[in-house]
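Written out below as structure tokens is the structure these notes cover.
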Amino acid sequence: MGVVLLDGNAVRNFALDEAALIKAVDPQFKELDVNNDGVLSRSELRVALERLNLLETVGGFPVSKTPEELNALYQSAFEMFDMDHDGKVDLAEFREQLKQILLAVADGLGSSPMEMVVGDD
């Protein structure tokens, strides 16, 4: 394991590098697609969002939310990923939304560095 420093430019460059994004995102999509039907259902995408713990925190700190509030947040996130509103998230939609999230992170970071722990591979 190692530590790397990233700033907004590094995150932006990664998000805009289609080959790098595909290499990083596609295996995650396949792992989340537990029934191997080529799309993510609401429950499959929710597992991914729960792993990231983004909707239960603000600025990295836990925030109490009722189950109803959490369900509404997960529903809203699914609607964002389901760009064509067909009730499922395909690989292209998943890639595009993760790209947009990374670009938003890049904008937020600007030139401020962020430390990130990374695995050897």
Answer in debye to the nearest 20: the dipole magnitude of the chain about its Cα centre, from +1 Lys/Arg and -1 Asp/Glu charges placed on Cβ, is 220 debye
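Quick one: ranking D82, D7, D17 by accessible area, 1.4 Å probe, largest first, what do you get?
Details: D82 0, D7 45, D17 70 Å².
From most exposed to least exposed: D17, D7, D82.
Quick check: at a probe of 1.4 Å, how many percent of the accessible area of the range 1-106 sits on carbon and sulfur atoms? Show your work: numbers first, answer last.
Details: 3940 of 6590 Å².
In the range 1-106, the share of accessible area belonging to carbon and sulfur is 60 percent.
Tell me what the chain gives for mean residue ellipticity at 222 nm when only DSSP H runs of n ≥ 4 count, each as -39,500 (n - 2.57), the sum divided by the residue total, rounded to 500 deg cm²/dmol. Spell out each step's value before the answer.
Details: 5 runs with 69 residues, N = 121.
Using -39500 (n - 2.57) per qualifying helix, the result is -18500 deg cm²/dmol.
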For the chain: accessible area per residue (Å², 1.4 Å): 65 Å²
When only the heavy atoms of the protein chains count and the probe is 1.4 Å, how do D90, D33 rank by accessible area, highest first? D90, D33
Which residue, K65, K30, K88, tops the fluctuation ranking in a GNM of the chain built on C-alpha contacts under 10 Å? K65
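Where in the chain are the DSSP H helices whose alpha-carbon span along the long axis reaches 24 Å or more and whose Kyte-Doolittle mean is at least 0.0?
On the way: long enough: 91-109 (27 Å, 0.51).
Length and hydropathy pass: 91-109.
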Once you treat every alpha carbon in the range 1-107 as an equal point and sum by Debye, what is log10 I(q)/I(0) at q = 0.16, 0.19, 0.20 Å⁻¹? -0.82, -1.11, -1.19
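The values are calculated or read from the model by the stated rules, or taken from the named source; none is laboratory data. Keep in mind that this is a model prediction, so the values were computed, not measured. Neighbour counts run over all protein chains shown; Cβ positions are idealised from the backbone, glycine included. For the accessible areas, the whole protein counts, side chains as well, though only heavy atoms, and no ligand, DNA or RNA atoms are used. Shrake-Rupley method; radii C 1.70, N 1.55, O 1.52, S 1.80 Å.
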